[in-house]
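Report on the structure given below.
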Amino acid sequence: MLMTTKPMFDLAYDGGFGIGAFNVNNMEIAQAVVEACAAEKSPVILQISKGARAYANIRFLRKIIDACVEEYPDVPIAIHCDHGDTVDLIRACIADGYTSVMIDGSHHPYEQNISLSAEAVKVSHDAGVVVEAELGMLGGIEEDVVGLDAAEYEKNVEQFLTDPQQAKDFVERTGIDSLAVAIGTSHGAFKFVHEAKLAFDRIEQIMKLCPGLPLVMHGSSSVPEEFVNLVNKYGGKMPNAKGVPEDQIADAVRKYGVCKVNIDTDLRLAMTAKIREVFSTKPEEFDPRKYLGPARDAIVVMVKRKLKMLNSAGKADQVAAHWKKLGQPMPNQYR
Ligand SMILES: [Zn+2]
């Protein structure tokens, strides 16, 4: 069932669970994510980056996501633009049927971030689409979103974290629906030199000053060691890959009320580990179904694990009922 993120965040905010936002680039990933959500009865956000739009051609990706919605009518699904950088892109996403968008002006000076985000809010809200914006700076690298390298980021992390007072001002002046915050996470597979430590006190301060505002964590893959080891065992090269420990993400969601957790790297890792294993153990194999199939199965397992971590398993019916109760019209769409 297609919807915006509003009914999801309404319930997640003080419900002790969070919504997983998984990046989708192709058919196998999309299928695996929704199959896992259907099995676990979990709501989900399917997110599409600018890079995914370019890679898959949005027309193809749109039909794949439509198929997900049709095939699994009981799964609450929001379609979200990850790291939108211009209002033109936001307009295109709205026309493409997204129900939620992110405008990321976090790399701009503060006032420019405000004016860009406020304009995106106006365009989106007119169409019934909800908006996430970002304040503060993450480390790491994600497609064209370039942050600082792990060592430099860790050394100066305090100055990059979201400032709670500024967050309050930002939210009041932009009218956004949710805020991506910098609380010590990083994009990519090489997040930390030392052990990861999320700034839970920041989350508390921001939530206190911005009551009712759903918070979003980017760069929240945990880069499980067993998958990194598999990649390396079968000829890969990912030394020192490190993510955010799953217990810290579970705490952020269950104890501190973070509503949305972005996960991309861990899906890539599961897929790559499995394909490498097939190539390495069955070198005679050349049927793509015989390595993409197992890779898809590996993503299903990974996503189920994440849904349990986020405590969103079993919440699908509640979210669907709340969406119906809200009685909001679907965003203007191509449909
Ligand atoms: Zn991100």
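Nothing in this text is a laboratory measurement; each read-out follows from the coordinates by a stated rule. Just so you know, these numbers come straight off a predicted model, no measurement behind them. Methodologically, a virtual Cβ is constructed for each residue, glycine included, from the backbone with ideal geometry; neighbour enumeration extends over all protein chains shown.
Descriptive notes on the structure:
- Rounded to the nearest 20 debye, the dipole magnitude of the chain is 720 debye, with +1 charges on Lys and Arg beta carbons, -1 on Asp and Glu beta carbons, and the Cα centre as origin.
- With the charge dipole of the chain set up from +1 on Lys and Arg Cβ and -1 on Asp and Glu Cβ about the Cα centre, the Cα lying farthest toward the positive end among the listed residues V258, V181, M271 is that of M271.
- Residue order, fewest to most surrounding Cβ atoms within 10 angstrom, among E225, E195: E195, E225
- Sorted peptide list for 302-310, 239-247, 153-161, criterion being average Cβ within 10 angstrom, highest first: 302-310, 239-247, 153-161
- In Hz, Karplus ³J(HN,Hα) per residue of region 277-286 (6.51, -1.76, 1.60; θ = phi - 60°; x = Gly, Pro): 4, 4, 4, 7, 8, 10, x, 7, 5, 9
- Packing-based exposure ordering (other Cβ within 10 Å, fewest first) of D10, D74: D74, D10
- Helical contribution to [θ] at 222 nm, DSSP H n ≥ 4, -39,500 (n - 2.57), averaged over the chain, rounded to 500: -15500 deg cm²/dmol
- Gyration tensor verdict on the chain (Cα atoms; rounded if a/c is under 1.5, prolate if a/b is larger than b/c, oblate otherwise): oblate
- Nonlocal amide H pairs with G97, under 5 Å, H built at 1.01 Å: Y334
- Computed packing ranks the peptides 166-178, 16-28 as 16-28, 166-178, most packed first, by mean other Cβ atoms within 10 Å.
- Distances between placed amide hydrogens fall under 5 Å for S106 paired with E134, all partners being 5 or more residues away or on another chain.
- Restraint check, K237/K274; K155/K197; K63/K308, Cα-Cα greater than 18 Å: K63/K308
- Net charge of Cβ neighbours under 14 Å - reference R91; Lys, Arg +1; Asp, Glu -1: -2
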